[in-house]
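Working notes, structure below.
The values are calculated or read from the model by the stated rules, or taken from the named source; none is laboratory data. In this text, all values refer to a predicted model and were calculated from it rather than measured experimentally. Glycine also receives a Cβ, built like all others from the backbone with ideal geometry; neighbour counts cover every protein chain displayed.
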């Protein structure tokens with residue numbers, strides 16, 4: 001293991017054990033067997049170290065999601081993704097809280113990858129005509145809700161003592177964005193789903209049937225149909 005990795009591993013171990021959710025650079029250096037100038041040469045400051053540590057811990061979680069085989073049903077994968085996100089937060093509360101802490105000057109790369117993996121399942125649902133909105137909008141809604149309930153469970157356990165809250169919020173969000181979980185599908189819902197399906201397939205058409213300008217205009221129209229309240 002190289003020196004940089006040894007420092008991150010030491011920081012991750014101390015972070016997991018910390019009652020306060022914080023670590024000192026002095027303790028990290030002692031655990032890694034390096035002097036503080038070495039740490040600062042790799043990470044500039046404590047914020048840089050914490051950002052790298054968060055990425056390291058989240059990468060272990062995202063690695064399992066990358067390796068997981070997709071099922072035939074993207075809705076099943078979407079539900080499993082939510083549940084694994086909550087389980088990760090409960091297992092690694094300090095690293096999870098740091099991911100969304102304003103003390104980090106830059107967003108950890110893991111945040112963008114988590115959104116990308118989520119969008120993949122939503123794009124599969126959109127291609128099947130099962131989304132009420134666009135994959136991008138649905139991803140933002142799901143990630144915000146999943147993050148919120150996870151943070152509630154780990155930061156306010158007295159107020160939110162039952163982890164089953166996560167499943168209840170998950171199902172409520174899914175009912176809002178998915179056609180096939182709602183008993184009262186309307187003509188407007190169907191029209192939005194059709195527009196979303198066409199929008200998701202627009203860039204995948206080969207050979208492209210439209211010019212770039214035509215595709216952009218069609219995409220704008222379809223987005224307006226899919227989410228009129230946001231594009232109107």
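Here residue 175 meets each of (1) at pLDDT 90 or above; (2) in a helix (DSSP H, G or I); (3) touching a helix residue (DSSP H, G or I) at 6+ places or on another chain (Cβ under 9 Å) with one exception, condition (3).
Residue-wise test of (1) surrounded by fewer than 13 Cβ atoms within 10 Å (Cβ to Cβ); (2) free of Cβ contacts under 8 Å to residues at least 40 places away in the same chain; (3) not assigned by TED's automatic domain parsing to the domain that holds residue 171.
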position	(1), (2), (3)
14	no, yes, yes
29	no, yes, yes
35	yes, yes, yes
39	no, yes, yes
55	no, no, no
59	no, no, no
66	yes, no, no
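Considering the conditions (1) in contact with a helix residue (DSSP H, G or I) (Cβ under 6 Å, 6 or more places away or on another chain); (2) exposed (fewer than 14 other Cβ atoms within 10 Å of the Cβ); (3) assigned to a helix (DSSP H, G or I), residue 86 is excluded by exactly one of them, (2).
Scanning segment 89-110 for residues that are assigned to a helix (DSSP H, G or I) and buried (at least 16 other Cβ atoms within 10 Å of the Cβ) yields a total of 9. Taken as a whole, the structure places residue 135 among residues that are in contact with a helix residue (DSSP H, G or I) (Cβ under 6 Å, 6 or more places away or on another chain) and surrounded by 22 or more Cβ atoms within 10 Å (Cβ to Cβ).
A Cβ distance below 9 Å, combined with a sequence gap of six or more or placement on separate chains, defines the contacts here; from segment 88-116, residues that are under 26 Å from residue 138 (Cβ atoms) reach residues that are part of a loop (DSSP other than H, G, I, E, B) and modelled with pLDDT under 85 in the pairs 99/107; 99/108; 111/100. Restricted to segment 1-80, the set of helices (runs of 4 or more DSSP H) holding at least 1 residues that are within 30 Å of residue 131 (Cα to Cα) comprises 46-67. Residue-level analysis places residue 162 among those that are outside any helix (DSSP H, G or I), in the same structural domain as residue 60 (by TED's automatic domain parsing) and out of contact with any helix residue (DSSP H, G or I) (no Cβ under 8 Å at 6 or more places or on another chain).
Taking segment 118-139 as the range and being part of a helix (DSSP H, G or I) and in contact with a strand residue (DSSP E or B) (Cβ under 7 Å, 6 or more places away or on another chain) as the test, the residues that pass are 122, 125, 138.
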